[in-house]
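Beneath this line is the structure, given in structure tokens, with notes to follow.
The values are calculated or read from the model by the stated rules, or taken from the named source; none is laboratory data. Quick caveat: nothing in here was measured; it's all calculated off a predicted structure. As a convention, Cβ positions derive from the backbone with ideal geometry for all residues, glycine included, and neighbour counts pool all protein chains shown. Only protein heavy atoms, including side chains, enter the accessible area calculation; ligands, DNA and RNA are left aside. Shrake-Rupley method; radii C 1.70, N 1.55, O 1.52, S 1.80 Å.
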Amino acid sequence: MSDYWSPRAMRSAPRLDESVRPGAVRPRYALLINPFYPKDPHASFGKHVLTPSLALTSIAASTPAEWQVRYWDENLLQGPPPWKPFPQVVGITVHLTFAERAYALARWYRQRGARVIFGGLHVLSCPDEVRPHADAIVIGEGVQVWERILRDVEAGALEPLYHGDYRRPYRDDPPPRRDLLPRDSFLTTTSLIATRGCHNRCGFCYLATEGLHMPYLLRDVEQIVDEFRADGQPYAVFIDNNLGSRPEYLRRLCRALRPLEKIWSAAVSLDVTDDPSLVREMALAGCTGVFVGFESLQNDNIVESRKKSPRTEDYAERVELFHRHGIQVNGSFVLGFDHDRPDVFEQTARWIEVNRLECATFHILTPYPGTPLFAKMEAEGRLLHKNWALYDTGHVVFRPRHMTPEQLAQGYAWCYRRLFSHGSIWRRRPHDLRAVLPYLAMSYLYKKSNRFWYLLIRQRLTATVWWSLVEWTRRRHVCFRRRLAEETEPKARSCAVVVSAGV
């Protein structure tokens, strides 16, 4: 990934042909679109094809049987969304960083006769900005109002605004329509969500958006097991904000998943390690990797962001607990907090290497609209602009307190350059010699192979190339956890895997 190689197709959305004249719309045909967003060349392109959009496949599941529905993800590099036949309804998910692309798509389809429906977090946080670009917008949970929207379209009575309630029992939602997905384009199509919400309300997180009331809700354990089994994949990714917010629920889920003899990864907060027996249950159930939001190694930053977390001096011991149970750790770090100074980059990189985190993800602190952080930055006059396309955690959009914007941008790039270097990859190798080769294979395929990833994505070879590696990993992990089940105290070992949570 030297020189941050980034082809045009990863930076710019496909062109929309203004000369197209599609003719009449096809009645009762809905097209669901995940818009293009530019890819950060510092990170791996592989993370963009880890799993499909669960939001759109869940919306598709609530489509009436007499309607035809199609899923299209522009980030799979297969060109602009289709228009033959021309859809009667186009549903577009709108997020901050690709709002302008969503508006362009909406304009193109509306000019040719389609009715465009917007949903997503940016609709909630900036409804007045979004409303003129669509025929109708959905604020809140879209699954429960989608059928009503389509019925209103049939009756010629589409309303401009629909509200979905996140408090409705989550178990009532139908399972996602994974049959609509291009299975060869993703590392796994089994993206699962067992819980919704998080017990944290960090001031910088989108869950803290004003007007977003998302109680922590659970799906029945049996529903999750059935979905995992039905999709036929060896590996699943839980996209929950925090799968461990209810420890006893996670324990029940793990015990139900264990007989499947499959592998999975998930995002959890570090306090899941408060109970080592729960980490053991995760490992025995097939957890091979966790995505952990460490955020910062400065306690003052953690406190001011209102995150409930162990003290930073305890982080290393908790990482070691995951490693003893064969669970890789992908650490997420936010750079640019008010207590960060120019030495934060070196300190963070060194800590990651000393504690041998298999993967790390870096984010520049970004004040999302509607969050307490945004209100604070705006009140202090520290926002540099409101170009939402750059609010992607890869660009500096505010004035840091103890460094210049340029220092923050350069430090962010340096962190990825350091952690993706040959030396850093080697320094973070597992202690267990048996795990070193699989770890190196994962590291180099994921972190230093963007040209390879670009080829896989364009040629729709992601699943073909990765399936055998993932299946091999699953078999190794089944053997590992059989040994683990016989141990009363896990030994210092690591069962390296090909993929890790949230890569």
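With everything on Cα atoms, drop me the angle between helix 433-447 and the longest principal axis of the chain, reported from 0 to 90° to the nearest 10.
With both axes taken from Cα atoms, the answer is about 30 degrees.
Return the carbon/sulfur percentage of the accessible area of the range 265-421, one whole number, probe 1.4 Å, all protein chains in place.
52 percent
Round to the nearest 10 and give me the degree value, 0 to 90, for the angle of helix 344-354's Cα axis relative to the longest principal axis of the chain.
The angle comes out near 60 degrees.
Restricting to DSSP loop positions (anything but H, G, I, E, B) with no more than 10 other Cβ atoms inside 10 Å of their own Cβ, which GluC sites (Glu not before Pro) remain in the range 8-116?
Those that pass, being in a loop and sparsely packed, are 18, 66.
Local charge sum around residue 146 (other residues, Cβ-Cβ under 15 Å, Lys/Arg +1, Asp/Glu -1)?
Numbers: positive: 28, 70, 115, 148, 151, 168, 177; negative: 66, 135, 141, 147, 152, 154, 159, 165, 172, 173.
Summing Lys/Arg as +1 and Asp/Glu as -1 gives -3.
Give me the 1.4 Å probe accessible area per residue for the chain, excluding ligands and nucleic acids, in Å².
It amounts to 40 Å² per residue over the chain.
Along the Cα→Cβ direction, 7 angstrom out, place labels at residue 4 and residue 350. What is the inter-label distance in nm?
2.6 nm
Reported to two decimal places, what Rg/Rh ratio describes the chain when computed on Cα atoms with Rh from the Kirkwood expression?
0.95
Please state the charge dipole magnitude for the range 1-141, taken about the Cα centre, from unit charges on C-beta atoms (+1 on K and R, -1 on D and E), reported in debye and rounded to the nearest 20.
480 debye
Would you work out if the range 64-198 is rounded, prolate or oblate? Take a ≥ b ≥ c from the square roots of the eigenvalues of the alpha-carbon gyration tensor; rounded if a/c is under 1.5, else prolate when a/b is larger than b/c, oblate otherwise.
rounded
About the Cα centre of the range 1-40, what is the dipole size in debye to 20, counting +1 per Lys and Arg Cβ and -1 per Asp and Glu Cβ, all else neutral? Don't jump to the answer; show the numbers that get you there.
Details: 7 positive and 4 negative charges, 53 e Å.
Here the size comes out at about 260 debye.
For the range 271-319 and the range 93-120, what is the centre-to-centre distance using only Cα atoms, to the nearest Å?
38 Å
So for the range 385-439, taking the charge dipole from beta-carbon charges (+1 Lys/Arg, -1 Asp/Glu), which of 435, 409, 393 sits furthest toward the positive end?
435
What is the distance in Å between the Cα centres of the range 34-66 and the range 320-393?
The distance from the Cα centre of the range 34-66 to that of the range 320-393 comes to 23 Å.
State the Kirkwood hydrodynamic radius of the range 258-359 in Å, one decimal place, computed from all pairs of distinct Cα atoms. The partial results should precede the final answer.
Values: mean 1/r = 0.0701 Å⁻¹.
By the Kirkwood definition, the hydrodynamic radius is 14.3 Å.
Dipole of the chain, Cα-centred, from +1 at each Lys and Arg C-beta and -1 at each Asp and Glu C-beta, to the nearest 20 debye?
The dipole magnitude comes to about 1340 debye.
Measuring from a point 7 Å past the Cα of residue 165 along Cα-to-C-beta, which residues in the range 120-148 have an amide N at less than 20 Å?
120, 124, 137-148
Measure nothing fancy, just the Cα-based angle from helix 99-111's long axis to the longest principal axis of the chain, in degrees from 0 to 90, nearest 10.
30 degrees
With unit charges on the beta carbon (Lys/Arg positive, Asp/Glu negative), name the residue among 145, 94, 302 whose Cα is farthest towards the positive pole of the charge dipole of the chain.
94
Need the list of lysines near residue 39 for cross-linking: C-alpha distance under 27 angstrom, and skip anything on the same chain fewer than eight residues off.
Cross-link targets: 47, 386, 447, 448.
What 222 nm value per residue comes from the helices of the chain, counting each DSSP H run with n ≥ 4 as -39,500 (n - 2.57) and dividing by all residues, nearest 500 deg cm²/dmol?
-10500 deg cm²/dmol
What is the calculated FRET efficiency for residue 384 to residue 299, with r their C-beta to C-beta distance and R₀ = 41 Å, to the nearest 0.05? All intermediate terms of the calculation are to be shown ahead of the outcome.
On the way: r = 28 Å, r/R0 = 0.68.
It comes to 0.90.
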